[in-house]
1. Can you report the number of residues in segment 53-67 which are in contact with a strand residue (DSSP E or B) (Cβ under 8 Å, 6 or more places away or on another chain), at pLDDT below 95 and either assigned to a strand (DSSP E or B) or over 17 Å from residue 32 (Cα atoms) (or both)?
2. Restricting the search to segment 50-66, which residues are closer than 15 Å to residue 40 by Cα and surrounded by fewer than 12 Cβ atoms within 10 Å (Cβ to Cβ)?
3. Return the pair list, or none, for Cβ contacts closer than 6 Å from residues in segment 7-19 that are over 21 Å from residue 29 (Cβ atoms) to residues that are modelled with pLDDT of 90 or more, at least 6 apart or on different chains.
4. Which number in (1) over 28 Å from residue 1 (Cα atoms); (2) loosely packed, with under 14 Cβ neighbours inside 10 Å; (3) modelled with pLDDT of 95 or more marks the one condition that residue 114 misses?
5. From the list 70, 33, pick out the single residue that is out of contact with any helix residue (DSSP H, G or I) (no Cβ under 6 Å at 6 or more places or on another chain), at pLDDT 95 or above and in a helix (DSSP H, G or I).
6. Among residues belonging to segment 27-46 that are surrounded by 13 or more Cβ atoms within 10 Å (Cβ to Cβ) and more than 11 Å from the chain's Cα centre (by Cα), point out the one that is nearest to residue 96 (Cα to Cα).
7. Looking at (1) under 22 Å from residue 2 (Cα atoms); (2) in contact with a strand residue (DSSP E or B) (Cβ under 8 Å, 6 or more places away or on another chain), can you tell me which one residue 28 breaks?
8. Of all residues in segment 78-96 being loosely packed, with under 14 Cβ neighbours inside 10 Å and out of contact with any helix residue (DSSP H, G or I) (no Cβ under 7 Å at 6 or more places or on another chain), which is nearest to residue 48 (Cα to Cα)?
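The values are calculated or read from the model by the stated rules, or taken from the named source; none is laboratory data. As the structure is a prediction and not an experimental result, all values here were calculated from the model. Ideal geometry is used to build each Cβ from the backbone, glycine not excepted, and the neighbour counts take in all protein chains shown.
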């Protein structure tokens, strides 16, 4: 069993009721999403990533991610968080598809400049 998020997202009281949980979390939602993506890449081949806005996520992002068995990572409005940027830079050669859903034109342009 894996808990996604720190103790503010899922309390230790709840976690203690689960059978042998491990926890994936970061300092914020952007970091947590990247850590989940990295953990997924450790156990299976990942050639697609879906990117949506972490402030106002597009509900379609999850459906697309499910189709491609892809992780979802986030932008922050018009900004590409450093952790997201670093993930894309480090994995661009492994990724065949980077799907943006509900991200601003400015963020989409920055993403494209990294992964092209």
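1. Going through segment 53-67 one residue at a time, the tally reaches 1.
2. Of everything in segment 50-66, just one residue is closer than 15 Å to residue 40 by Cα and surrounded by fewer than 12 Cβ atoms within 10 Å (Cβ to Cβ), namely 66.
3. none
4. (2)
5. Details: 70 fails: in a helix (DSSP H, G or I).
Among 70, 33, only 33 is out of contact with any helix residue (DSSP H, G or I) (no Cβ under 6 Å at 6 or more places or on another chain), at pLDDT 95 or above and in a helix (DSSP H, G or I).
6. Taking segment 27-46 and keeping what is surrounded by 13 or more Cβ atoms within 10 Å (Cβ to Cβ), we get 28-41, 46.
Pick out the ones that are also more than 11 Å from the chain's Cα centre (by Cα) and you get 28, 41, 46.
Numbers: 28: 27, 41: 14, 46: 9 Å.
Step by step, filter segment 27-46, then rank; the result is 46.
7. (2) is the only condition that residue 28 fails.
8. The qualifying residue nearest to residue 48 (Cα to Cα) is 96.
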